[in-house]
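What follows is a short report on a single structure.
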Amino acid sequence: MNYEHELSYLFDMLRGEAGASVGNSLQMIMSVASVKFLELHKEQYNLPNTLALESLLKEGAFLAEKLKAMLTELEERIPFLKGVYEPIYSSSPFSDSTLYRLFSRIHSLALSKEQWTEFIEALFARASHADVYATGFASTPNSVNELGIRILQMQSGSFYDGTFGLAGTLCAAHHYALQNDLEISLYGQEFHPQAWALGKLRLLFHGRTDAQLAQGDTLTRPAFAEGNQLKKFDYVMMDFPFGMKMNNYEALMNDPYHRFVYGKLPRTSADMAFVLHALSSLNEKGKAVLVVPNGTLFRGGPEAVIREHLLAADVIEAVIALPAPLDNTAIQTNLLVLNKNKAAERKGKVLFINAENEYEEGGRRRKHLGEEHVRKIAEIYHNGLEIEEISKFVAVRDIQETNLLSSRYLQSSELEIEPYGKVKFHLDRIKKSTQVQPLKQLGTFYRGINISAKDSETETGEYRVIKLSDVQNGELLIEQLASYEIKNNAKIESYLVQEGDIIISSRGMGIKVAVIPPHEGKVLISHNFIGIRLNQTIDPFYLKTFLESPVGQYLLLSKQVGTNVSILSIKDLEDIPVPMLPLSEQQEMMKSYLQEQERIEQRIKQLQQQQHETKLKLYEKMGIRSGFETIGGRV
C-alpha cells in the first residue's frame, strides 16, 4: 500500500474544513485510526463489537459527539489510554459529512497490525516535515533518533526520555530492542498535553502499552521519583525545547532532588537544567545522549561553570556536530554524550566528531542523515577513531575555556571563500615558510559601544558612530556616519577610534575589515565591531589585506561561534597567526599594490566608458538612438 498517497488523500479531505489546522487533522486521524486498530485487539482488551467504526457509520448523524463517547469508553476499558483522548478530542472542527467520509475511508483500510504501525509512522513522518507552527508540535528527525540510539548501544534495561514529545525517540528505542532481541522498559514524561496524548497513541500502535508515560513538567515535577530520589535509568535520550525560559527559577534552585549541584542555573535558559536532569536520571553505569544547540556548548556565565564541573567530573564522553539545517531543525544541533562509566582509555578525554558534512540533500534545501552517514558516525564513536578534520580526542585539561564546540578542535581544510569558491588551506606551509606572530602582539584591542534607546541620533550630536552598514567593500564610508548624543559617556574614551586603527566586525555571517581613515571629530565603533590599535611593527593596510585574504578569512570564520548569530570575541582574535615582514617591506609592498589597484580601477572605468560608447554607436545604426536621451550626466 502507498501510505503517502493515502495520507495525502486524508489530509486533503480534512483541509477543506474552516478553522481546521494540520494539527487538528493529525489528531483526528490518530483518534479514528486508533479505533480501527483496536478492532484488531478486541479480544486482548475484551472490547464489545459496538466499539468499532462500523457502528458509527451505521448511525450517520451526530458523529462528532458519538465518536467522543466511543473514545471515552475506550479510555475506561483500557488503562493505558486513560486521559489520552480528552486533550486531542475535546472538540471537533469537522462537520458530520467530513467525519463520515473520514470514518468510511479509514474503515476501508485492510491493514495488518504491522502495516498499521507502518501507516502511523508514515503519518508522523509527514507531520514532522510540516512547519512546527502548522502542526503545533516539534519533533526530532528520525535519523537523529536512529543515531542517538545507536550511540547508546543498549543492552536490556531501562530507557527514559524526559521530554518525549511525539514519542519518536521512545519508538526508536523500541525498534532497536526488537532488532537486537532486547528487553527494554520505556519511560517518559511530556509537558504538552496534546503531544503526550499523541505519543501514547503512537506507542499503542507499536504494542508498547507497558510504557510508563507521564504528563507534566519534568523540571519542577519529575514523575519518576520516590521521595527526594529520582528513579535511575540505564539509558537516557532527550531532545528538550531549546532556550526555554526559567519560569520557576527559585523552585529549581531549591530542588529537592539535588539535580543541580554542578552549578547555579542561568535564569535565561533551561538548557542546562535539562542536561543536569538527564545526568541525575542515570544510574552509576548509565549513558545519555542529548540533542543540544551550539549555545549550550559555549555560552559563558553560569553555564560555563556547569560545563567546567561536568568536565572535572569526567562525565562528558563525546560531542557530535550535526549538519545544518537538518530535516525540520532550523539551527545547528549537536549530540552531547554523557557517560557515568567511561572506558579506561577514554577517561580524562572528550571525543569530538565533526559530522557537519555527513548528509544527503533533502527537500526545501534541508539536509538529511542517510543510513550510511548514521553508520559512519556511530562507527567513529564506538571505535574511537581519530580521522583528520573529522574526529579527535581532546584531553579535558586542553579544553579551551570549557568550549565544547567541535569546530574549536576540528577545522576543515576546505571552505567556501568569495570570490574564489571552494578553497583548500595548508596553514602548516605558511607557518614553515614565514615568520608569524599572534595578533595580540601587534596591538591592543578595544570594544565598541552599545548604543541604548536613551542615546538619540541627531545632526548636532557630539559623537559619530560606525555601524556595520558603514563599511562597504572594505572601505569605511566616514562621511556618512550618523551622529549621536550619548547620555552615559563615563567610559566613552575607550571606544574612540584613531587614524590607522583596524576594525573587524564581530557579529553576523560575513566578516568586515576596515582601516580608520583620517577624520575630524570624535568617532566611535559600535558594539558590532572590535578595534585594534596597532603598534609600530605592522602596517594597517598590510594587516587588512591579510585578514581579507582567503587565509585570513579562513582563520576568522573558524573562530566564529553562535546559535543564531555568528560572533567573534577579542579572545578569538588574539591568537590568529599573522605572517610578518620588516615594516619597510610591508609599506613598500602595500604602496606598490595600492598603486596597481588604482591603475586597474582606472582601466576598468575606461573600458566601461568604451563599452558604453560602443553601445550608443550600435543604437545609431539600429535607428533607435534618437528615441531616448540620457539625463543622468553621461553622454
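The values are calculated or read from the model by the stated rules, or taken from the named source; none is laboratory data. On a predicted model such as this, the values are computed, not experimentally measured, just so you know. Virtual Cβ from ideal backbone geometry, glycine too; neighbours counted across all protein chains shown. For the accessible areas, the whole protein counts, side chains as well, though only heavy atoms, and no ligand, DNA or RNA atoms are used. Shrake-Rupley method; radii C 1.70, N 1.55, O 1.52, S 1.80 Å.
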(message) If a residue must be outside any helix (DSSP H, G or I) and either at positive phi or loosely packed, with under 12 Cβ neighbours inside 10 Å (or both), how many such residues does region 581-612 contain?
(response) 1
(message) Of all residues being farther than 30 Å from THR537 by Cα, small (Gly, Ala, Ser) and in the same structural domain as SER569 (by the TED database) in region 412-465, which is surrounded by the fewest Cβ atoms within 10 Å (Cβ to Cβ)? Just the residue, please.
(response) ALA453
(request) Would you please name the residue that is most open to solvent (accessible area, probe 1.4 Å), looking only at residues in region 173-196 that are within 27 Å of the chain's Cα centre (by Cα) and farther than 22 Å from PHE274 by Cα? (result) HIS175
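For region 385-394, how many residues are open to solvent by 20 Å² or more (accessible area, probe 1.4 Å) and in contact (Cβ under 8 Å) with a residue 24 or more places away in the chain?
So in region 385-394, the residues open to solvent by 20 Å² or more (accessible area, probe 1.4 Å) come out as 385-390, 392-393.
In the following step, the residues that additionally are in contact (Cβ under 8 Å) with a residue 24 or more places away in the chain were identified as 389-390, 392-393.
Residues in region 385-394 being open to solvent by 20 Å² or more (accessible area, probe 1.4 Å) and in contact (Cβ under 8 Å) with a residue 24 or more places away in the chain: 4 in total.
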(request) With respect to GLY207, determine if the residue is surrounded by fewer than 16 Cβ atoms within 10 Å (Cβ to Cβ) and of a type in the set (Gly, Ala, Ser). (result) yes
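With a cut-off of at least 2 residues that are open to solvent by less than 10 Å² (accessible area, probe 1.4 Å) and farther than 28 Å from SER143 by Cα, name the helices (runs of 4 or more DSSP H) lying wholly within region 244-333. Steps first, please.
Numbers: elements: 249-253, 271-280, 294-298, 302-312.
Per the criteria, 302-312.
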(request) Take region 524-558 and flag every residue that is charged (D, E, K, R), surrounded by fewer than 20 Cβ atoms within 10 Å (Cβ to Cβ) and part of a loop (DSSP other than H, G, I, E, B). (result) none
(request) Go through region 230-243 and give me each residue that's surrounded by fewer than 19 Cβ atoms within 10 Å (Cβ to Cβ) and within 23 Å of THR402 (Cα to Cα). (result) PRO241, GLY243
(message) Condition (residue is out of contact with any Cys (no Cβ under 8 Å at 6 or more places or on another chain), in contact (Cβ under 8 Å) with a residue 40 or more places away in the chain and over 30 Å from ALA211 (Cα atoms)) applied to region 64-86: is it met by at least one residue?
(response) no
(message) Restricting to region 487-523, count the residues that are among the hydrophobic types (A, V, I, L, M, F, W, C), open to solvent by less than 80 Å² (accessible area, probe 1.4 Å) and more than 21 Å from PRO540 (Cα to Cα).
(response) 1
(message) Please count how many residues of region 469-512 are in contact (Cβ under 8 Å) with a residue 40 or more places away in the chain, among the β-branched types (Val, Ile, Thr) and outside any loop (DSSP other than H, G, I, E, B).
(response) 5
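For region 517-525, indicate whether the set of residues that are free of Cβ contacts under 8 Å to residues at least 24 places away in the same chain and either more than 24 Å from GLN597 (Cβ to Cβ) or not assigned by the TED database to the domain that holds ARG464 (or both) is non-empty. Give the derivation first.
Going through region 517-525, the residues free of Cβ contacts under 8 Å to residues at least 24 places away in the same chain turn out to be 518, 520.
Next cut, either more than 24 Å from GLN597 (Cβ to Cβ) or not assigned by the TED database to the domain that holds ARG464 (or both) only: 520.
Yes: region 517-525 contains one or more residues that are free of Cβ contacts under 8 Å to residues at least 24 places away in the same chain and either more than 24 Å from GLN597 (Cβ to Cβ) or not assigned by the TED database to the domain that holds ARG464 (or both).
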(message) Condition (residue is more than 24 Å from ALA125 (Cβ to Cβ), acidic (Asp, Glu), open to solvent by 10 Å² or more (accessible area, probe 1.4 Å) and assigned by the TED database to the domain that holds ARG126) applied to region 58-72: is it met by at least one residue?
(response) yes
(request) State all residues of region 16-30 that are of a type outside the set (A, V, I, L, M), in contact with a helix residue (DSSP H, G or I) (Cβ under 7 Å, 6 or more places away or on another chain), in a helix (DSSP H, G or I) and within 19 Å of TYR100 (Cβ to Cβ); if no residue qualifies, say none. (result) SER25, GLN27
